[in-house]
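Shown next, in structure tokens, is the structure this report addresses.
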């Protein structure tokens, strides 16, 4: 058997173990009764240990060397590149540390699920400290191997090639631009009649199931469910999104659904014939987030989309639409409403980057040993005050405990949200320069052109090239803040 | 490390891989969109391959030899016995055959799910032939290793020590007794007013969730969902039952729930401190089925239980109970109604054994090469005519395609249903001889005594002794038809 073929079989087996771990994690978040938690954590740790042993087996290194002389097609070469990157990262870490991290993450995330609503920070804090210690250990070992600073080694794990050096000037431009921009938007925006009211969760779920297929979501290969925190998981054959329903604000969960649908379209659009190879997976979280935000922000908050969706949502939610507040103009004012709030996932696209920058700064401080977990809530509160003038003291549920990420061990992940928003804006700018009538199509419920464009340029390409290279290939230049600033300026101030 | 300890760690890891496979199979039956099937089958096959490699690792054989001189406690000795039994069975089979069977079973079961309602036998037939061929291969190899006939080797896999020699006289007694008994019951039973009507599935689910906790089901460690075929899965920390809802016959799904609750109580009552060891699992399917039928037939079809449940079910189903048909007497006549029908899982306890004996006879013929898959539907029809006077020609959905078992590769499983019913009757006879006031307790909603008795005598003992030994220990004699025949005679003819 050729080395290329042997590597493919090896990673095919790894893919199928990863499949198991992925759907068990979904089950843990969506379905599992509380009593199952401890054993589930052990089962996942066992699968991760087996995966790690396979991913770091010495024969992978040997096969990679032999395979370099064999590979012919672009895809095979790209597969070897992705495998080598994974091999380098995986072999850097001792298996005991991988197992300890997996166990600690499962336990901490379960503790967070139990304690978040009760605002019980003290209960979760020692678990978070444990996760941070383990993540720092991992970051140092990885950084040494990759020639990167520890935090950069984490960033690189979420989007290949991402560094603080890349992020800092971009976030500096946004920190310069956004606070005064947000104040200006808030001062000038027209008042809206709130659409809050009583919306039964089952009707909201009906609405979700009506909105997803026209955007291209295939229910023969996917599901939508509810969980504490919306997320997307699964491979292209079975892509699952979750959302959560408040009783009163259907727009929040509707846009959570549209956001996760963007992620899901990426998964469902990956190439079928490479689903079990590393190169056949999606790019990093910056690009993944660009796909969710492309759908949520660029497409589904456009006036064209809102004109299309208004009659659909009033019908699904059984609303008497005669009332003035159900006019298209008032819907637009609701959807384009900008407000300084506590919760990242509820934030509008203008304030959202500031939530991310806050977390990025805190992560930097934690990894520079300039901040302790004990002081984390105070530091959070100070930045909330600085960026939004909001007081979160003592309100952990709306503060430092609002997001699952840190409690699941995901440090270095947050910047990808905002870089994804910038990427979405830059991609959409390119798309509309080719298809200037896009919004007119959205207004008629026609999303064929836009989804095909994403499928062709992003989804079907999987990891054939890097995310940063892909942006240049599609838009003709590296990622900047320009398209995003132009987009929000036009949508919110013109 | 001692050999005992090393074996325990090895089987702990195996348990956690089995945990993964178990909940992924649940997901496949309950949750998964159709598109995920092929990859799920591959993932399960990968897990089964890893399990098989671990279960057959040469070091297990060596450790077993060393451990025999070390073990001290009863439980440790029993654990070694169960491990040795598993080792003997597992090492008998070549890994390629295990993988091929796993893949073929997943595919055949999925094909059955797709084709059952459409009555599409021709589509499923080649898949079933494939499963039968593979199962025959397995049975022959196992039989040779264990010194058993091939079909006995399969029976032994479902309940340790079960053979045709044991079953044949018992089934002969039932075949002698039941047909004329059923005719007599049908001739003499009082007519009932049917309780069929329109019962929304969500109200039926509410009823299920009301009935389960009083019987001891812990929702902090379990769930109830819907699937094509009711089943129970999961360990003691997370025990999941499923049911299915017809629109019109709430009693069918109510008793499916009570049946599966019996299985689930067994799982939830297993010893916590041995959950990850082979000895800590439940006994075979004969004993498992005795636990479901003990609850369903002995407890929940008793007049005491029916008196307790009537107001609960009318409230949950939002029934106006003024109507005469909602009298206790009419409920009893419905629940004790005996009828010759097509469907095993809908059958009453008097006709049920004949459904099982029919399948047992067909399996015997298939494994004796006296019957082909092509002729299976005709043979089915002949026996249905002989036992029930019913014609199933051409109606595969109500005939040979009604049960998942064969399509999931489970040959040799069916006899356990009826042996379980006999065991339940014999256990209940012993229980009521100690607690003659049991039914009075059920009438007040008090199930503490009966569940504690099961917990102490069956559930908490796990696999400390064999199922056949356990029956003798509890009831003072081996399993016979006596208690069952006495039970049905008393309930249906006195």
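Throughout, read-outs are computed from the coordinates displayed, never taken from laboratory work. Keep in mind it's a predicted model, so treat the numbers as computed, not measured. Positions of Cβ are generated from backbone atoms using ideal geometry, with glycine treated the same way; all protein chains shown enter the neighbour counts.
Just a few scattered comments:
- With each label modelled as a point 7 angstrom along the Cα→C-beta vector, the residue B:198-residue B:177 pair spans 4.4 nm.
- Helix axis angle, A:201-211 relative to chain A longest principal axis, alpha carbon, degrees: 80
- Residues B:180, A:66, B:101, sorted so that the one with the fewest Cβ neighbours within 10 Å comes first: B:180, A:66, B:101
- Segment B:3-147 - convex hull of the alpha-carbon atoms, volume per residue in Å³: 128
- Note on residue A:374/residue B:393: beta-carbon distance plugged into 1/(1 + (r/R0)^6) with R0 of 56 Å gives a FRET efficiency of 0.15.
- Share of alpha-carbon pairs per 10 Å distance bin for segment B:131-236, given as whole %: 10, 19, 20, 32, 16, 1
- Acute angle (nearest 10 degrees) that the helix B:164-188 long axis makes with the longest principal axis of chain B, alpha-carbon atoms: 10
- With 0.36 nm allotted per residue and the present C-alpha distance subtracted, the residue A:328-residue A:117 stretch has 72.4 nm of extension available.
- Divide the volume of the convex hull around the Cα atoms of segment B:138-184 by the residue count and you get 77 Å³ per residue.
- The protein assembly as shown: translational diffusion in µm²/s, Stokes-Einstein, Kirkwood Rh over Cα pairs, 37 °C, 0.692 mPa s: 105
- Its residue count N sets the reference 2.2 N^0.38 Å, and the alpha-carbon radius of gyration of segment B:278-379 equals 1.50 times that reference.
- Mean shadow area of segment A:1-74, taken as a quarter of the surface of its Cα convex hull (nm²): 6.1
- Residue of chain A nearest the A-to-B rotation axis [by Cβ], rounded angstrom distance: A:20, 2
- The stretch between residue A:449 and residue A:364 holds 26.5 nm of extra length on full extension. This uses 0.36 nm per residue minus the Cα-Cα distance.
- Residue list for segment A:257-282, given a label point 7 angstrom along the Cα-to-Cβ vector of residue A:68 and an amide N cut-off under 18 Å: none
- Only beta bridges with both residues in the protein assembly as shown are counted; by DSSP, about 30 percent of them are antiparallel.
- P(r) tail for segment A:150-494: Cα pairs beyond 39 Å make up 10% of the total.
- Pairwise label distance in nanometres, residue A:429 with residue A:187, each label 7 Å out on the Cα-Cβ vector: 2.6
- Likely footprinting exposure, B:440, A:135, fewest C-beta neighbours within 10 Å first: B:440, A:135
- Nearest-ten-degree value, helix A:352-367 long axis tilted from longest Cα axis of chain A: 30
- The fewest-to-most ranking of A:487, A:10 by surrounding Cβ atoms within 10 Å reads A:10, A:487.
- Across identical copies of the chain, residue B:248 has label-point separations of 4.7 nm, listed in ascending order, with the point defined 7 angstrom from Cα along Cα→Cβ.
- A point 7 Å from Cα along Cα→Cβ stands in for residue B:165, and the other copies hold the same point at 8.0 nm, listed in rising order.
- Copies compared at residue A:444 - label distances in nm, ascending, label defined 7 Å from Cα in the Cβ direction: 7.4
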